[in-house]
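Notes for the one structure printed next.
The values are calculated or read from the model by the stated rules, or taken from the named source; none is laboratory data. This one's a predicted model, so the numbers in the text were calculated from it and none came from an experiment. Neighbour counts are summed over all protein chains in view; Cβ atoms, including those assigned to glycine, are modelled from backbone coordinates with ideal geometry. The area values use the complete protein model at the heavy-atom level, side chains included, leaving out ligands, DNA and RNA. Shrake-Rupley method; radii C 1.70, N 1.55, O 1.52, S 1.80 Å.
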Amino acid sequence: MGRYLRKAKYCLWILFFVLSARLYPGRVPQVCAAASWTYGSQLEGAEKDVYDALEDFSRRQGAKGLTKNGWKEGLQAEISRKYRMSESSVLASECYTGADAFLRDHSEIFWISGFNIVLRFRGSAEEEMTAACVNLYPIDYYDGIRGEIKKTQAAVDDLILAVKKCGTRYEKVRTAHDSILKLVNYATKGEDRSWHHTITGGLLKKYGHKGVCETYAKLFHIICRANDIPCILVTGGLKSANINHMWNYVQMENGKWYLVDITNDDQKKERHDYFLAGSGTKAFAGRVGSTHRASGYLHAGQETPFVLPALAKAAYGGTATKKLTVSEEKITVKKGEKYKIAVTRKPSYADDALTYSSSDTKIAAVNSAGKITAKKKGKTVITVRAASGKKARIQVTVI
């Protein structure tokens, strides 16, 4: 399959660093609505302190600040519970987990690859000294990336706008997938550069619109989030326990989560094997549940894995339409005009295929997307039919 994920590089600066181990309870899966699933929702202790500080700074900074000196200087996070000097290694790991979770939830902060961390303690003796705060210093993906923020954001906004114009969630997700597939080219191992691991490589012409799995997955994540579609970044192994790949999980209207791996759909001939796939879906490389082994770990020193959403077993597209209606049952259009059929289905998350037909294509034709084109004066009937057998009709008069 030839797709891989570069291991993130981190620098760790710790004052009075001492190795230690501590029992740590397992993560509690998020109990709120799956639509609001985030890595940040499973954090506690110093992990949450760091994550919340970064989120608060992000909200206060705003877009104008982010494109100037935002994130360039260090950020301080207060630690809410006591960590003694002997727990320095645990605290450091938790701080990295919080910072990693923030970046995993916020792909729109695309110029930062990680953070340098400095732990600060107060007290006069080792027995009494406890952590007071943590200083975080952002690490840019490469020199000069901040000067590319505006141009990159403009390219992202164009993709987001194109998706916003779509109707159903399926149409939005499909448009996002196909747009990225057409725009981004996979960067081979021999030409691997820092910009290929963030969205600038895929969006900017100067880099040949090239990137690796991180580029595809983060770009899809940004577009979905901007369109209020639940989506997360997932890392794991391709037929391996090693973390060497990144892809997405996306939640559809039926409440179920599906896999999207645009990187592996980007073959010589564009594919959709990994578009809204379930764990049991058979793709060209094998069953998705066997080839894509998701990991709940974000970095090497993390003690407790995150609990990821469970994938649906079957691919998206298995919910039958029980009722089908159109917004207008009779329409009058002028010759040469076009009209888009608005369809409502029950249940709202029904996803079986729709087909459109005209009783007289010489008067008015209809395409696979439900767009009618009036050709000459007369009357015809357009039929919308779901795979379940349910149908609706529109009487069309062309004047």
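Of all residues in segment 283-339, which are of a type in the set (Lys, Arg) and either within 28 Å of PHE115 (Cα to Cα) or in contact with a Pro (Cβ under 7 Å, 6 or more places away or on another chain) (or both)? Talk me through it step by step, then tell me what you get.
Step one: of segment 283-339, the residues of a type in the set (Lys, Arg) are 287, 293, 313, 322-323, 330, 334-335, 338.
Correct list: ARG293, LYS322.
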Here the qualifying pairs (Cβ atoms under 8 Å; residues six or more apart or on different chains; first in segment 175-201 and free of Cβ contacts under 8 Å to residues at least 24 places away in the same chain and under 15 Å from ILE149 (Cα atoms); second part of a helix (DSSP H, G or I) and open to solvent by 40 Å² or more (accessible area, probe 1.4 Å)) come out as GLY201/TRP195
Within segment 181-227, the residues that are in contact with a helix residue (DSSP H, G or I) (Cβ under 6 Å, 6 or more places away or on another chain), aromatic (Phe, Trp, Tyr) and open to solvent by 10 Å² or more (accessible area, probe 1.4 Å) are TRP195, TYR207
Any hit, segment 256-268, residues being farther than 30 Å from ALA364 by Cβ, touching an Asp or Glu at 6+ places or on another chain (Cβ under 8 Å) and in contact (Cβ under 8 Å) with a residue 60 or more places away in the chain: yes
Residue list for segment 150-204, restricted to those being touching a Leu at 6+ places or on another chain (Cβ under 6 Å) and hydroxyl-bearing (Ser, Thr, Tyr): THR152, SER179
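Scan segment 313-358 for residues that are part of a loop (DSSP other than H, G, I, E, B) and either of a type in the set (S, T, N, Q) or at positive phi (or both) and jot them down. Break it down stepwise before answering.
Residues of segment 313-358 that are part of a loop (DSSP other than H, G, I, E, B), as a first pass: 313-322, 327-329, 334-337, 341-342, 347-353.
Within segment 313-358, GLY317, THR319, THR321, SER327, GLY336, SER348 meet the criteria.
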Among the helices (runs of 4 or more DSSP H) confined wholly to segment 142-216, which include 1 or more residues that are closer than 25 Å to LYS340 by Cβ? 149-164, 169-183
So which residues in segment 288-317 are within 13 Å of GLY237 (Cβ to Cβ) and of a type in the set (Phe, Trp, Tyr), if there are any at all? TYR297
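Give segment 228-253 a look and list any residue that's open to solvent by 20 Å² or more (accessible area, probe 1.4 Å) and in contact (Cβ under 8 Å) with a residue 24 or more places away in the chain, or say none. It would help to see each step written out before you state the result.
Keep residues of segment 228-253 that are open to solvent by 20 Å² or more (accessible area, probe 1.4 Å), which gives 228, 238-244, 253.
Selection gives LEU238, LYS239, SER240, ALA241, ILE243, ASN244, GLU253.
Looking only at segment 258-311, filter to residues that are assigned to a loop (DSSP other than H, G, I, E, B) and among the acidic types (Asp, Glu); which one of those is least open to solvent (accessible area, probe 1.4 Å)? I'd like the intermediate steps shown before the answer.
At the first step, the residues of segment 258-311 found to be assigned to a loop (DSSP other than H, G, I, E, B) are 261, 266-274, 278-281, 284-285, 296-310.
Now drop any that are not among the acidic types (Asp, Glu), which leaves 261, 266, 270, 273, 303.
On the way: ASP261: 1, ASP266: 25, GLU270: 86, ASP273: 37, GLU303: 84 Å².
Filtering first and then ranking leaves ASP261.
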Failed item in (1) open to solvent by 60 Å² or more (accessible area, probe 1.4 Å); (2) modelled with pLDDT of 90 or more, with ALA46 passing the rest: (1)
Residues to consider are ILE149, ILE117; find the one that is more than 25 Å from the chain's Cα centre (by Cα) and surrounded by 17 or more Cβ atoms within 10 Å (Cβ to Cβ). ILE117
Can you say whether LYS346 is free of Cβ contacts under 8 Å to residues at least 40 places away in the same chain, open to solvent by 50 Å² or more (accessible area, probe 1.4 Å) and more than 28 Å from GLY40 (Cβ to Cβ), as far as the supplied structure shows? yes
Please find, among ALA77, ALA92, the residue that is touching a residue at least 60 places away in the same chain (Cβ under 8 Å) and under 14 Å from GLU47 (Cα atoms). ALA92
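Of all residues in segment 320-335, which are open to solvent by 30 Å² or more (accessible area, probe 1.4 Å) and not aliphatic (A, V, I, L, M)? So that I can check it myself, show each step before the final result.
Our first condition is that a residue be open to solvent by 30 Å² or more (accessible area, probe 1.4 Å); within segment 320-335, this holds for 320, 322-323, 325, 327-330, 332, 334-335.
The answer is LYS322, LYS323, THR325, SER327, GLU328, GLU329, LYS330, THR332, LYS334, LYS335.
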